[in-house]
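The values are calculated or read from the model by the stated rules, or taken from the named source; none is laboratory data. If you're wondering where the values come from, they're calculated on a predicted model, not measured in any experiment. Heads up, the Cβs are rebuilt from the backbone with ideal geometry, glycines too, and the neighbour counts pull from every protein chain shown. Calculation scope for accessible area: heavy atoms of the full protein, side chains included, ligands and nucleic acids excluded. Shrake-Rupley method; radii C 1.70, N 1.55, O 1.52, S 1.80 Å.
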Amino acid sequence: MTITTKLDTLHAAVTCNKWMRYFTTFTRLALVAGFLPAGYVKIIGERFTDLHNNQPMGHYLEALHHTGYYYTFIGYAQIFAALLLLIPRTVVLGTLIYLPIILNICLLSLAVRFEGSLLTAPLMVIACIYLLCWHYDRTKYLLPFNTPPSTVLAPDSKFPKWFFAMVLIVFLAVGFTVTHVFNLMPRNTLTDCETQCDDSTNPAACKAFCEEIHNKGMDLDQSLNKYEHSLKK
């Protein structure tokens, strides 16, 4: 049995399960809900959040807000991708537009340690990849093989407990990883930032870090380097 036949068989077995179809519909709607409000805010020209400009993510969003039609274009792209996801025949196209946008947001969130999307952005990336896999019968033509599906199975009503167990495990794994990967985060406000200091190895250096970020507007990497250096003294 070739890899193409194996993948076709696996895809047919998964997509004929009603619970998997329910999950896929939920995934689509969740992605739509994630982009419609965000895109609308950009289209009407409002700032996306009320983060202080000295906060790392605030720095980026303030600059992005002043890019003019580029900021608006992102909003239209988000709305367009979300609307395509609502239509079954255009889900693949919508996902292909959605994925690079949310992947960029994911990398941005990790780069500036923005807790507002530190969990949701990686999960949305995974959700897009899942939708592309769900529509493997269409997306497989992007791969180096092109064989029409050869196996059709009868509808299946068995609850896929192992699949949903894996969904839960992935959710918990992503949540645990992104909340423990950084020993110090800028947080959204000075007060929130300073809540980390009591458990810090050097509380004074931690509070200085928060002060530099939120009140002095210092670069995140510079502040982190200064903090790490203080721990070595």
Fully extended contour minus Cα-Cα distance, from ILE3 to PHE176, at 0.36 nm per residue: 58.9 nm
Structure-based [θ]222 nm, the chain - -39500 (n - 2.57) summed over DSSP H runs of at least 4, per residue, nearest 500: -22000 deg cm²/dmol
5 angstrom amide H check on ASP156, placed H, neighbours 5+ away: ASN17, LYS18
Reach of LYS226 by Cα under 19 Å, taken over aspartates and glutamates that are not fewer than 8 positions away in the same chain: GLU194, ASP198, ASP199, GLU211, GLU212
Of LYS6/LYS161; LYS42/LYS161; LYS42/LYS216; LYS6/LYS158; LYS42/LYS140, pairs whose Cα-Cα distance is over 31 Å: LYS42/LYS161; LYS42/LYS140
Lone cysteines, the chain (no partner Cβ under 4.7 Å): CYS16, CYS106, CYS128, CYS133
Structure-derived log10 I(q)/I(0) by the Debye sum over Cα atoms at q = 0.09, 0.14, 0.16 Å⁻¹ - corresponding label in [x] -0.51, -0.97, -1.13; [y] -0.40, -0.93, -1.18; [z] -0.44, -0.98, -1.22: [x]
Estimated FRET transfer efficiency (THR15, LYS161; beta-carbon r; R0 22 Å; 0.05): 0.80
Residue (of GLY68, TYR141, GLN78) at the positive-pole extreme of the chain, dipole from beta-carbon charges: TYR141
Percent accessible area from carbon and sulfur atoms, the chain, protein chains only, probe 1.4 Å: 66
Stretchable slack from ILE87 to TYR141, in nm (0.36 nm times residue separation minus alpha-carbon distance): 17.4 nm
Gain on full stretching of the segment that runs from THR201 to GLN222 - 0.36 nm per residue minus C-alpha separation: 5.7 nm
Neighbourhood charge, 15 Å Cβ-Cβ cut-off, centred on PHE182 and excluding it, Lys, Arg +1 and Asp, Glu -1: -3
